[in-house]
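These notes concern the structure reproduced below.
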Amino acid sequence: MRPENVTQLIRLTQEKFPLPEKEILTHILRLQEKGKIQLKPHPTRPPEKLATYLRSSQAYWYWITTILTLTTVLVIFVIPENAFPLVYARYILGTIYVLWLPGYTFIKALFPTKVPIQTSSEDLDKIERAALSIVMSLALVPIVGLLLNYTPWGIRLTPIPISLLALTISFATAAIIREHQTKRKQDQTTYNEIST
């Protein structure tokens, strides 16, 4: 019957079996420990202020993206190309920096909570987001290179990482702002539906 919360599960169980609530709750917890049922945590309301939202666990992706972007730029400028084996860290971070982060932050800015394509499961949404991120990175990075070609700085080692840094941080900041606004609107809509 897929009850929405534990209280509904207890009521449904009491309809079939005349047991006390405490005993049913004990059985539910035992079943959860054994992995036979899975209880989802109650969704928390997003904070009203963006600054509070940035400190919450819901914004972890933003901080990981920002730290990874800044670390990559630092590694590119600090580790020389002939410093083996440290250069492998530069290669790995550079690959993530070019092929993943610009597209990921762009897709996150466009679709802050869900990809608009209806899927049968939430896992597929993550796969679609990953595929779109790689494709968008493959589209955005050449555009950055093309635009840099017409600037006085040209296509060199210094302007490319810095412009990708600016692009990625800009998209990530736009994405976190949109995500916060979207979650607040969804929460307000849910609250209005419950109260009416």
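Of the residues making up segment 141-169, those that are within 19 Å of residue 109 (Cβ to Cβ) and in contact (Cβ under 8 Å) with a residue 60 or more places away in the chain are 164, 165, 167, 168, 169. Residue pairs whose Cβ atoms lie under 6 Å apart, separated by 6 or more positions or on different chains, with the first residue in segment 9-25 and assigned to a helix (DSSP H, G or I) and the second among the hydroxyl-bearing types (Ser, Thr, Tyr), are 24/13. When 131, 175 are checked against the criterion of being under 18 Å from the mean Cα position of the chain (by Cα), surrounded by 19 or more Cβ atoms within 10 Å (Cβ to Cβ), small (Gly, Ala, Ser) and assigned to a helix (DSSP H, G or I), a single residue qualifies: 175.
This table checks each residue for (1) small (Gly, Ala, Ser); (2) outside any helix (DSSP H, G or I); (3) within 14 Å of the chain's Cα centre (by Cα).
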| residue | (1), (2), (3) |
| --- | --- |
| 67 | no, no, no |
| 70 | no, no, no |
| 80 | no, yes, no |
| 83 | yes, yes, no |
| 90 | no, no, no |
| 95 | no, no, no |
| 103 | yes, no, yes |
| 107 | no, no, yes |
| 112 | no, yes, yes |
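Rule-based calculations on the coordinates, nothing more; no lab input. Predicted model, so just to flag it, every value in this text is computed and none were measured. Cβ: placed from backbone, ideal geometry, glycine included. Neighbour counts: every protein chain shown.
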